[in-house]
Amino acid sequence: MTENTPSVLLTGGAGYIGSHTFVALAEAGYQPVILDDFSNSHPAVLERLAQLTGRRVPCEKGNVLDTAFVAEVLQRHRCVAAVHFAGVKAVGESVQQPLMYYRNNVSGLLSLLEAMAGTTACRSVVFSSSATVYGNPASVPIDEGFPCAPESPYAQSKLMCENILASLRASDPSWRTGVLRYFNPVGAHPTGLIGEDPSGIPNNLMPFVTQVAVGKRARLQVFGSDYPTPDGTGVRDYLHVSDLADGHVAAVQALLAKGESFTVNLGTGQGTSVLGVVRAFERASGRPIPFEFAPRRAGDVAQYFADVSLARGVLGWRATRGIEEMCRDSWHWQQRNPDGYRTQTSDTAMHMPAPVRNSPNGPMRPVVSA
Ligand SMILES: NC(=O)c1ccc[n+]([C@@H]2O[C@H](COP(=O)([O-])OP(=O)(O)OC[C@H]3O[C@@H](n4cnc5c(N)ncnc54)[C@H](O)[C@@H]3O)[C@@H](O)[C@H]2O)c1
């Protein structure tokens, strides 16, 4: 890393997807800079990132809604692009607390864009959108031309953000925006040093399965066994978080190189059923996953998977890891960190890569600014 290494701001960079993207951007020759208020992440992730990358981890603690703070961070680090992960993400919670969702997700993006507008160099932004913007699609695979019909305040907030970015592009073509509609990110870094660390009862299938595997929860509830799918359970497009992180690197590179804006799906293009995940996880872990069938949940659809040809064409990116690797790496993370980042690090330390001595990037300690 040199003085000229381009810095990229990662709002929400201490979270699940942001932390994996930190590693991928560092490996691709960028200096990622985290801005996070740690409302849904743990500061211990910074030490793990330092271990993984062998370099300092710049982290600015604060709220993305504080526009002056974000502007100051962008200027001080001379960021050339931003990736906006910060936000809240639980569909069910968004139905209960819509105002909190619109404030955090919509006002959060507005704040970042206003801060960027005050800088001269930073007009490229990658946005974490979601496949939930499609609502209940008429068919699968889902391509980017499908109509958007969000069904929750969370999904609405994502579509509103996409529309804000479109208006901004229309007003000033110097803005370059990359909208990434994620399908179902799962898995963890293969070292087991970073991974998904949900607080409370997990909303998503994979963390629930891993918690059943370690005995934290007695059994998995499988919602719906009579869908028109090969085994009757719901089919989703699971995507390894490392592939997703690589997709962000491709998105940043595409914006900085070609300058063209895009909206693309990030998924594998393959659907896997709930029972397919359970079986793959049992193979990966060698442990049985007890489960019971429960009635379908309102709003769930039978099948949901992406057409990924646009991402391949625009970004030259495609997912390379399959469901076996997703389960293996989720299990590895869970085993080594039964309490997530709150796990005492003595066990984890045994599995950490050897420290890089005399690193040209300075001490491998996180740099946290309050
Ligand atoms: N994980 C998924 O399944 C999924 C799917 C589709 C889209 N997304 C989107 O991707 C993004 C990242 O998701 P994730 O799974 O990494 O979530 P996460 O909760 O692990 O990470 C989000 C990070 O943002 C931080 N944050 C939240 N509000 C903030 C604020 N106002 N100011 C500063 N920091 C703030 C949190 O502390 C956390 O570290 C989110 O925008 C989410 O909606 C996630």
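Assorted remarks:
- Gain on full stretching of the segment that runs from E27 to S199 - 0.36 nm per residue minus C-alpha separation: 59.0 nm
- All other residues whose Cβ lies under 13 angstrom from that of S174 are scored, Lys and Arg at +1 and Asp and Glu at -1, for a net of +1.
- Phi angles of segment 265-272 translate, via the Karplus equation with coefficients 6.51, -1.76, 1.60 and θ = phi - 60°, into HN-Hα couplings of 6, 10, x, 8, x, 10, x, 10 Hz per residue; Gly and Pro are given as x.
- One chain, two ends: A117 and E324. Fully extended at 0.36 nm per residue, the span grows by 70.2 nm beyond their Cα-Cα distance.
- Using a probe of 1.4 angstrom and keeping all protein chains present, the accessible surface of the chain works out to 42 square angstrom per residue.
- Within the shell of other residues whose beta carbon sits under 13 angstrom from the beta carbon of T21, the net charge comes to -4, with Lys and Arg scored +1 and Asp and Glu -1.
- With R₀ fixed at 22 Å, the C-beta to C-beta distance from E151 to S107 puts the FRET efficiency at about 0.50.
- Label-point separation, F38 to R296 (7 Å along Cα→Cβ), nm: 4.4 nm
- Proximal lysines relative to K89, as straight alpha-carbon distance under 18 Å, when same-chain residues fewer than 8 apart are discounted: K158
- Share of carbon and sulfur in the accessible area of segment 7-358 stands at 50%, probe radius 1.4 Å.
- When every Cα-Cα distance of the chain is counted in 20 angstrom steps from zero, the calculated P(r) takes the values 30, 60, 10 percent.
- In this simple spin-label model, placing a label point 7 Å from the Cα along the Cα-to-Cβ direction at both V214 and E3 gives a separation of 4.6 nm.
- Segment M100-T343, extension gain: residue separation times 0.36 nm, minus the distance between their alpha carbons: 84.5 nm
- The chain, helix-only ellipticity at 222 nm - DSSP H runs n ≥ 4, -39,500 (n - 2.57), divided by all residues, nearest 500: -11000 deg cm²/dmol
- Sites matching GluC sites (Glu not before Pro) across segment 235-309 that sit in DSSP coil, with at most 14 neighbouring C-beta atoms within 10 Å: E260
- With the convex hull of the Cα atoms taken as the outline of segment 108-267, the averaged projected area works out to 12.0 nm².
The values are calculated or read from the model by the stated rules, or taken from the named source; none is laboratory data. Please read all numbers here as calculations on a predicted model, not as lab measurements. When we count neighbours, we look across all protein chains shown, and the Cβ atoms used for this are built from the backbone with ideal geometry, even at glycine. We work out accessible area using only protein heavy atoms, side chains counted, and drop any ligands, DNA or RNA first. Shrake-Rupley method; radii C 1.70, N 1.55, O 1.52, S 1.80 Å.
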